[in-house]
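Visitor: Following this message is one structure expressed as C-alpha cells.
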Amino acid sequence: MTTESSHHPSGPLALAVALGAVAGFVDAYLYRSVTPVFVANMSGNLVHLGIFAGEGSWPPAIGSCVALLAFLAGVVSAMVHHDRQVVRGAEVGPRRLLALEAVLVLTLPVLLVVLDVRYVTTTIPRQYPVLLLGGFAMGIQTAALRRVGEVAVATTYGTGAIVRIGEKLALGARRADRAGNHRRRVTIAVLVAVLTSYVAGAAIAAWAGSSRWLLLVPAAVLAVAAIATPESVDT
C-alpha cells in the first residue's frame, strides 16, 4: 500500500536551489516584461483576485485566474505522472518532469516573439497563452521536487517556508526537544537557501532587463538539471 509521501520526489539541495532561482527569474521576468501576474507565486495572484473583486474590476482578474488554473493543471499533471510511476513500481524522481519544464520554458521566448507580446498593465488575451504556459511549467516544477532529504521544500513560493523557519527558530530559542536541535538547524538552512535562491533569481531577472531571449537562461538551467539529475535521487 502506497502513501502520499511516496509521490513526493526528493533531491539534493543544489537542485532545489537551482529550481528556486529558476522560479524567481521566470516569475519576475513575466511580471515585469509581460503583465503584472505571477506564474509561480500563487499567493500574489490570490491577493490580486481579491483586490479586483473588491473593486469590481473583472477583466484584470482574468489574467490571475488563467495563471492559477494553469499552475493547478501543472501540479495535477505532475502528480499523475508520479502516480503512474508508483503504480508501475518505478522510482519517483524529478528528471522527466524537469526535462518537460525545460522545453516549456524554452518555448516561452518563442511565444513572445510569435505573438508579439508587449508589456501591458492590464492583461489582454494576447498574454493568456504566455500565462498558461508559464503557470503550467511552474506547477510542474512545484510537484517535481518536494523534499531535500527529509526536509519538505517548495521551489516556487515562500510563505510556507517562512512559517516553518519561524516555528523552528521559536522552538530552538525555547530549547524544546534538544534532541531535535540538529534537524531544526538543517531544516532552517535548507529553507533559507531555497528562499534566498528564489529572491536572487527575481533580482537577476530585474537587473538583466526585458530581452525576450533572457528566458533561455532558466531553460538552460532546467536542461542541465534534467541531464545531471538521476531519475532516482538518494540524498
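Visitor: Taking A152 and the conditions (1) modelled with pLDDT of 95 or more; (2) among the hydrophobic types (A, V, I, L, M, F, W, C); (3) within 18 Å of the chain's Cα centre (by Cα), which numbered condition does it fall short on, given that it satisfies the others?
Guide: Only one criterion is unmet by A152, namely (1).
Visitor: Here are some residues: V47, V22. Which one is loosely packed, with under 14 Cβ neighbours inside 10 Å and not small (G, A, S)?
Guide: V47
Visitor: If you don't mind, another one. Out of G74, G93, I need the residue that is in contact (Cβ under 8 Å) with a residue 60 or more places away in the chain, closer than 19 Å to A144 by Cβ and touching a strand residue (DSSP E or B) at 6+ places or on another chain (Cβ under 9 Å). Which one?
Guide: That would be G93, the only listed residue that is in contact (Cβ under 8 Å) with a residue 60 or more places away in the chain, closer than 19 Å to A144 by Cβ and touching a strand residue (DSSP E or B) at 6+ places or on another chain (Cβ under 9 Å).
Visitor: Among the listed residues T121, T142, T156, which satisfies the condition of being in contact (Cβ under 8 Å) with a residue 60 or more places away in the chain, part of a loop (DSSP other than H, G, I, E, B) and either of a type outside the set (V, I, T) or surrounded by 19 or more Cβ atoms within 10 Å (Cβ to Cβ) (or both)?
Guide: Testing whether each residue is in contact (Cβ under 8 Å) with a residue 60 or more places away in the chain, part of a loop (DSSP other than H, G, I, E, B) and either of a type outside the set (V, I, T) or surrounded by 19 or more Cβ atoms within 10 Å (Cβ to Cβ) (or both) leaves just T156.
Visitor: Now, a different point. So which residues in the stretch 16-66 are touching a residue at least 40 places away in the same chain (Cβ under 8 Å) and among the charged types (D, E, K, R), if there are any at all?
Guide: Hits for the stretch 16-66 are D27, R32.
Visitor: Okay, next question. Within the stretch 93-107, can one find any residue that is more than 25 Å from L46 (Cα to Cα) and part of a loop (DSSP other than H, G, I, E, B)?
Guide: Yes, because at least one residue in the stretch 93-107 is more than 25 Å from L46 (Cα to Cα) and part of a loop (DSSP other than H, G, I, E, B).
Visitor: Does the stretch 163-170 include one or more residues that are surrounded by fewer than 23 Cβ atoms within 10 Å (Cβ to Cβ), part of a loop (DSSP other than H, G, I, E, B), small (G, A, S) and at pLDDT 90 or above?
Guide: Within the stretch 163-170, not a single residue is surrounded by fewer than 23 Cβ atoms within 10 Å (Cβ to Cβ), part of a loop (DSSP other than H, G, I, E, B), small (G, A, S) and at pLDDT 90 or above.
Visitor: Only one of (1) crowded, with 22+ Cβ neighbours inside 10 Å; (2) over 16 Å from the mean Cα position of the chain (by Cα) fails for G74. Which number is that?
Guide: (2)
The values are calculated or read from the model by the stated rules, or taken from the named source; none is laboratory data. Because the structure is a prediction, the values reported are computed rather than measured. Please note: Cβ atoms are built from the backbone with ideal geometry, for glycine as well, and neighbour counts cover all protein chains shown.
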